[in-house]
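S.K.: Here you go, one structure.
The values are calculated or read from the model by the stated rules, or taken from the named source; none is laboratory data. As the structure is a prediction and not an experimental result, all values here were calculated from the model. Because the Cβ atoms are built from the backbone with ideal geometry, glycine has one as well, and the counts that use them run over all protein chains shown. To get the accessible areas, we keep the full protein, side chains included, count just its heavy atoms, and leave off ligands, DNA and RNA. Shrake-Rupley method; radii C 1.70, N 1.55, O 1.52, S 1.80 Å.
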Amino acid sequence: MRNRARVSVHPLWVMLVACVAVLCRGSSTTVGTSTTTGGFPLPNPNQHVVFFNRIPKAGSTTLLTILRRLASRRARELRGRHSAESVHTTTAATTARTFTVFNARMPDYYLQAPFAPSTNWSSGWDRLSQLSANATAAHGQIYVNHVYWVNFTHAGLPRPLAIQMMREPGEREVSQYYYDLWGPRKVKDMNDARKAAMEATGLGHPPTINEYVALSPVSLQGGPGCLPTANIQTRFFCGYHPICHDICTEAALERAKIVLDSEYAVVGLLDRFPDTLRLLELMDPSWFANITRVYRRMVRRKDHVRVTDSRFTKGQVRTSHEPATNATMALLRQHNAQDVALFRYATARFERQFQVTTQSVVLTG
């Protein structure tokens, strides 16, 4: 019973206690339409849409799976309460809303400006408008897509509760490279990626990450500094503003930091995944109550492990998944210097936020 009471602590009280404890880094600020306390946007009970513009290869597929399982669990609990003789219960489920997870699969996703008339998915804003219109306090909507951050208020839509996942940049780049070549994804896409990598390196086999970094023109021409075609995590926060076109500038990095602080309630870390789920659950139980329990159940069943389907690699000479050397990782981090800086910034924020939130729960428990 004691743990259940802790989960139901109101998120606004969490942040109030946090500031009293002087663990926040500063006073309340307002950035555009985003009210923040100590750099953490306050969850709003009127936010009926969650915006999860997931960064590739940063744990987002696992989180998406967990959210879907949680949505199913909420629906079952609702049916159970309606069929029960008494609805008086002390569990967190009584205040938790049901929700629908909408995983958008749009062509070109983050490579194009979102929902622009020049693209073939200009109905994107219509879909978000529909989701916002259908979302209520009792039944919310979670929008998931590989898109850069977009300003909802500028489009005339209610500001959502934004969440995100990040990963150490060097590790993310290695994971992305091997995913491109070996999936699991469409066979044609993987064949095309392997062919392109072989042509870039001049090798007769699909190159490992070490071979690709050492031999490809992209790496050789990029030199030791920031690579304009890299730094995808910074791009996801910076958004589609013209200042983000040259992602290697200090202005682009600063904008990404501002958006991260002012717009995202929680920015989780893959290497702190259980703590990320705990933070989500404590920050806004109406959305995320019992999310850690769902994840633990998946871990016991090993449902969280993503395994490459053998159908995708049948008949292939597979040289993949050779660990990156220290030299390779060093060069990848140099090419993704903006991501490295932003990841450090996000990690520091996560540590503060986790400390603030968990200590507040102890104080109010």
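S.K.: Identify the residue in region 245-258 that is free of Cβ contacts under 8 Å to residues at least 24 places away in the same chain and in a helix (DSSP H, G or I) and, among all such residues, is most open to solvent (accessible area, probe 1.4 Å). Even if it seems obvious, please write down each step before you answer.
M.R.: Going residue by residue through region 245-258, those that are free of Cβ contacts under 8 Å to residues at least 24 places away in the same chain are 245-246, 249-251, 254-255.
So of that shortlist, the ones also in a helix (DSSP H, G or I) come out as 250-251, 254-255.
Values: Glu250: 113, Ala251: 46, Glu254: 75, Arg255: 62 Å².
Among those residues, the one meeting the criterion is Glu250.
S.K.: A further question follows. With respect to Asn191, is the statement that it is under 20 Å from the mean Cα position of the chain (by Cα) and either surrounded by fewer than 20 Cβ atoms within 10 Å (Cβ to Cβ) or part of a helix (DSSP H, G or I) (or both) true? Don't jump to the end; show me each part of the working.
M.R.: Values: under 20 Å from the mean Cα position of the chain (by Cα): no; either surrounded by fewer than 20 Cβ atoms within 10 Å (Cβ to Cβ) or part of a helix (DSSP H, G or I) (or both): yes.
It is false that Asn191 is under 20 Å from the mean Cα position of the chain (by Cα) and either surrounded by fewer than 20 Cβ atoms within 10 Å (Cβ to Cβ) or part of a helix (DSSP H, G or I) (or both).
S.K.: Related question: Any idea which of (1) surrounded by 13 or more Cβ atoms within 10 Å (Cβ to Cβ); (2) modelled with pLDDT of 90 or more; (3) of a type in the set (S, T, N, Q) is the one Thr319 doesn't satisfy?
M.R.: Among (1) surrounded by 13 or more Cβ atoms within 10 Å (Cβ to Cβ); (2) modelled with pLDDT of 90 or more; (3) of a type in the set (S, T, N, Q), the lone unmet condition for Thr319 is (2).
S.K.: Across region 326-342, what is the number of residues that are assigned to a helix (DSSP H, G or I) and either of a type in the set (Ser, Thr, Tyr) or touching a helix residue (DSSP H, G or I) at 6+ places or on another chain (Cβ under 7 Å) (or both)?
M.R.: Taking region 326-342 as the starting set, the residues that turn out to be assigned to a helix (DSSP H, G or I) are 326-335, 337-342.
In the following step, the residues that additionally are either of a type in the set (Ser, Thr, Tyr) or touching a helix residue (DSSP H, G or I) at 6+ places or on another chain (Cβ under 7 Å) (or both) were identified as 328-329, 331-333, 335, 338-342.
Number of matching residues: 11.
S.K.: Do you know which residues across region 159-188 are over 29 Å from Ser262 (Cβ atoms), touching a Ser or Thr at 6+ places or on another chain (Cβ under 7 Å) and assigned to a loop (DSSP other than H, G, I, E, B)? It would help to see each step written out before you state the result.
M.R.: Going through region 159-188, the residues over 29 Å from Ser262 (Cβ atoms) turn out to be 174, 177-188.
Checking which are touching a Ser or Thr at 6+ places or on another chain (Cβ under 7 Å) leaves us with 178, 181-184.
Hits for region 159-188 are Gly183, Pro184.
S.K.: Test Trp149 against the stated conditions and say whether it is assigned to a loop (DSSP other than H, G, I, E, B), open to solvent by less than 30 Å² (accessible area, probe 1.4 Å) and at pLDDT 85 or above. Walk me through how you get there before you give the answer.
M.R.: Details: assigned to a loop (DSSP other than H, G, I, E, B): yes; open to solvent by less than 30 Å² (accessible area, probe 1.4 Å): yes; at pLDDT 85 or above: yes.
Yes: the conditions hold for Trp149.
S.K.: Among the residues in region 350-365, are any at pLDDT 95 or above, in a strand (DSSP E or B) and open to solvent by less than 60 Å² (accessible area, probe 1.4 Å)?
M.R.: no
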